[in-house]
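What follows is a set of notes on a single structure, which appears directly below.
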Amino acid sequence: MERKIKEATELIKNSKHAVAFTGAGISVESGIPPFRGNDGLWNKYDPIVLDINYFHTNTNEAWEVIRELFYDFFGKAKPNPAHVALADLEKKGLLKAIITQNIDNLHQAAGSKLVYEFHGTASTMVCTKCKKKHNSSGIDLKILPPTCNECTGLLKPDFIFFGEGIPEQANKLSFKAAEQSDVFIVIGTTGEVMPASMLPSVAEKSGAKIIEINTEPSNFTHQITDIFLEGKAGEILPRIISGLL
Ligand code: NAD
């Protein structure tokens with residue numbers, strides 16, 4: 001393991017355009033469970049509440065689960081050493097961008113600047129009628145469903161639901177970043193959610209070396225990963241940072 005971490009550190013040190021691609025696994029050590037697996041959120045909650053048609057037809061029921069999960073619970077989470085390590089890498093000029101599938105805002109909370117939120121974010125809400133964006137922190141969720149202060153339209157979290165497309169800008173910029181990368185660091189993602197799961201292959205086909213950090217092998221590990229660092233992101237990433245000092 002020590003040798004592999006050293007190899008990964010050297011690759012990052014000598015890179016010109018390293019990009020990180022993160023999934024739910026990077027936030028597990030902040031207390032946010034992933035969707036899949038034994039402790040996954042989908043064992044406790046029915047994913048139907050995140051289906052866009054269900055949201056529009058069963059709005060109150062969907063909003064009750066969304067409030068509990070993404071605002072009461074996610075809202076209390078703090079960045080962990082993995083988020084902080086990526087922010088440090090960016091400050092050192094060794095990470096050009098983060099593409100995240102997460103909606104929890106923890107990369108920005110750790111200080112990362114260039115973050116492409118491939119699935120949107122819970123930190124803003126959008127009016128389904130007039131499209132005005134609202135900061136989630138300013139929205140009172142005591143009475144559901146929340147409504148727009150401009151037009152009284154229904155508010156929806158600004159992350160994508162099943163049945164919705166990827167935000168246009170994030171999609172464009174993420175694929176561009178993957179194409180431009182020479183080192184692509186895949187952290188805490190199963191690779192089961194399309195089209196996000198195409199990004200590592202795009203990077204690999206463009207000539208990037210793939211470093212992967214995960215507690216278990218993913219769909220990428222035996223296909224395209226060059227260096228697989230098996231373990232917790234919050235332990236491995238800080239070791240890479242100390243190797244750069
Ligand atoms: P996933 O739930 O499918 O898989 C999580 C992955 O993280 C697994 O491969 C697991 O082995 C790995 N993992 C668990 N703990 C880890 C750790 N400490 N360090 C490193 N790896 C660890 O997640 P996904 O592939 O990101 O896809 C699920 C979708 O769910 C994404 O779209 C994501 O937006 C969304 N989601 C987001 C959050 C969040 O915002 N924090 C939480 C749950 C799900």
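The values are calculated or read from the model by the stated rules, or taken from the named source; none is laboratory data. Since we're looking at a predicted model, the values are computed, not measured. Virtual Cβ from ideal backbone geometry, glycine too; neighbours counted across all protein chains shown. Accessible surface areas use protein heavy atoms only, side chains included; no ligands, DNA or RNA. Shrake-Rupley method; radii C 1.70, N 1.55, O 1.52, S 1.80 Å.
Per residue of the stretch 159-172, in order, report the coupling 6.51 cos²θ - 1.76 cosθ + 1.60 (Karplus, θ = phi - 60°) as ³J(HN,Hα) in whole Hz, putting x for Gly and Pro.
10, 7, 9, 4, x, 10, x, 5, x, 4, 5, 4, 4, 4
For the stretch 126-188, what % of the accessible area comes from carbon and sulfur atoms, probe 1.4 Å?
51 percent
Once ligands and nucleic acids are excluded and a 1.4 Å probe is used, how much of Lys129 is accessible, expressed in Å² to the nearest 10?
140 Å²
How many angstrom separate the Cα center of the stretch 129-204 from the Cα center of the stretch 67-101?
A separation of 15 Å, based on Cα centres.
Under 16 Å from the Cα of Lys96, which aspartates and glutamates turn up, not counting those fewer than eight places away in the same chain?
Asp88, Glu117, Glu179, Asp182
For the stretch 161-245, what does the accessible surface come to per residue with a 1.4 Å probe? Please give it in Å².
The answer is 48 Å² per residue.
Using label points projected 7 Å from each Cα along Cα→Cβ, tell me how many nm separate Lys132 and Met1, to one decimal.
A separation of 5.2 nm, rounded to one decimal place.
Structure shown: which of Lys92/Lys132; Lys13/Lys78; Lys131/Lys232; Lys13/Lys133; Lys91/Lys176; Lys131/Lys176 lie over 32 Å apart, alpha-carbon to alpha-carbon?
Going by Cα-Cα distance, Lys92/Lys132; Lys131/Lys232; Lys13/Lys133 fall outside the 32 Å limit.
By how many nm would the segment from Thr221 to Asn58 lengthen if fully extended, with 0.36 nm per residue of separation less the alpha-carbon distance?
Gain on extension, Thr221 to Asn58, equals 54.7 nm.
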